[in-house]
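A.B. asks: One structure, as structure tokens, below. Some questions next.
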Amino acid sequence: SSYAQPTDCERDVWNQVNAVLQDSESILSGLQAYKGAGQEIREAIQNPNDMILQERAWNSVCPLVIRLKKLYGFSLRLERALQSLLESLTCPPYTPTQHLEKEQALAKQFAEILHFTLRFDELKMRIPAIQNDFSYYRRTISRNRINNMNLDIEREVNNEMANRMSLFYAEATPMLKTLSTATTNFVTENKTLPLENTTDVLSTMASVCKVMLETPDYTCRFNSEDTLLFCMRVMVGVIILYDHVHPNGAFNKSSKIDMKGCIKVLKEQPADNVEGLLNALKFTTKHLHDESTPKNIRSMLQ
């Protein structure tokens, strides 16, 4: 929107991140259109001596693996974009609030990355075919190495790449995990930067989203369910990053995020809209099951 025009000092980072965000919609529609090779794989496994069926399964799986590699490659670009934004939004001498006010265009991009990430993971959770297709691919490759079959695809997806992709897709929420790790690495690598600079940006964004979701004046101005979902996804995203980066996490009493309020806001939404978000809070956070997490918060997420 118009207010989020990058200033001169933001422009380099904004352009870098914008190039990544411009591809995010096509990445999502690619994931949404993912139809696995389940049928072909089943037939091949049931008829191990039928070479036509083996070939058909293999030829169905290869293009899917190339597509999965593209999605995985995008996660690496997203990670770099996130780290650039964190650098800009945390550097001294400004406070996190000053940063978010001064660099609204970058703050908006940060929110857009989280929004994309949660949409990606919500879709991925519903496509078990991804892991089935990929493990069939890996089994077939190791078997065919023995038969010296000529495998062109190994130039595209070699063993090391296949290992990394395998770890990525094994996660319940792969993109969030990528961003959590990136945020943790950012904090570890910038030892001179006070941790608060990072955690306060995250908690400030969480409370902005929560206020917007709680306040009827705002919500009736939201012309669409999309804006509501945007706010909810960004809120959950920053909570998860905060929980990974802050030594005590997001759930305990000293947390700067009002977890009870945030979960309550989510629970007031239609179940279909928030199931993926509540799952992300359950499965991608680090500290939910700590002793220090109040019981009432844990039971809200049961």
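A.B. asks: What does the highest-first list of 205-213, 153-161, 38-46 look like by mean Cβ count within 10 Å? Write down the numbers at each step before the final one.
C.D. replies: Numbers: 205-213: 20.7, 153-161: 13.0, 38-46: 16.2.
Per-residue Cβ counts within 10 Å, averaged per peptide and sorted highest first, yield 205-213, 38-46, 153-161.
A.B. asks: Moving to a separate point now. If you roll a 1.4 Å probe over the heavy atoms of the protein chains, what accessible area per residue do you get for region 150-302, in Å²? Before the final figure, lay out each step's value.
C.D. replies: Details: 7450 Å² over 153 residues.
Spelled out: the 1.4 Å probe surface of region 150-302, per residue, equals 49 Å².
A.B. asks: Let me have the 222 nm mean residue ellipticity of the chain computed from DSSP H runs of 4+ only, each contributing -39500 (n - 2.57), with the sum over all residues rounded to the nearest 500. Working shown, then result.
C.D. replies: Numbers: 16 runs with 223 residues, N = 302.
So the calculated ellipticity at 222 nm is -24000 deg cm²/dmol.
A.B. asks: Measure up 102/264; 177/256; 124/267; 124/264; 70/260 against 28 Å on the Cα-Cα distance and list the ones that go over. The partial results should precede the final answer.
C.D. replies: On the way: 102/264 31 Å; 177/256 22 Å; 124/267 22 Å; 124/264 25 Å; 70/260 38 Å.
Pairs exceeding 28 Å: 102/264; 70/260.
A.B. asks: Here are a few candidate values for Cα Rg over 2.2 N^0.38 Å: [x] 1.37; [y] 0.90; [z] 1.11. Which one was actually calculated from the structure I just gave you?
C.D. replies: Matching the structure shown: [z].
A.B. asks: Using a cut-off of 15 Å between alpha-carbon atoms, which aspartates and glutamates can reach residue 253, once sequence neighbours fewer than 8 places away in the same chain are excluded?
C.D. replies: The reachable aspartates and glutamates, counting only those whose Cα sits under 15 Å from residue 253, are 243, 290, 291.
A.B. asks: Would you mind putting 63-72, 15-24 in packing order, based on average other-beta-carbon counts within 10 Å, highest first?
C.D. replies: On the way: 63-72: 17.4, 15-24: 15.8.
Order by mean packing, descending: 63-72, 15-24.
The values are calculated or read from the model by the stated rules, or taken from the named source; none is laboratory data. Fair warning: this is a prediction, and the values are worked out from it, not measured in the lab. No Cβ is skipped: glycine too gets one built from the backbone with ideal geometry, and neighbour counts run over all protein chains shown. Heads up: the accessible areas ignore ligands, DNA and RNA and are worked out on the full protein's heavy atoms, side chains in. Shrake-Rupley method; radii C 1.70, N 1.55, O 1.52, S 1.80 Å.
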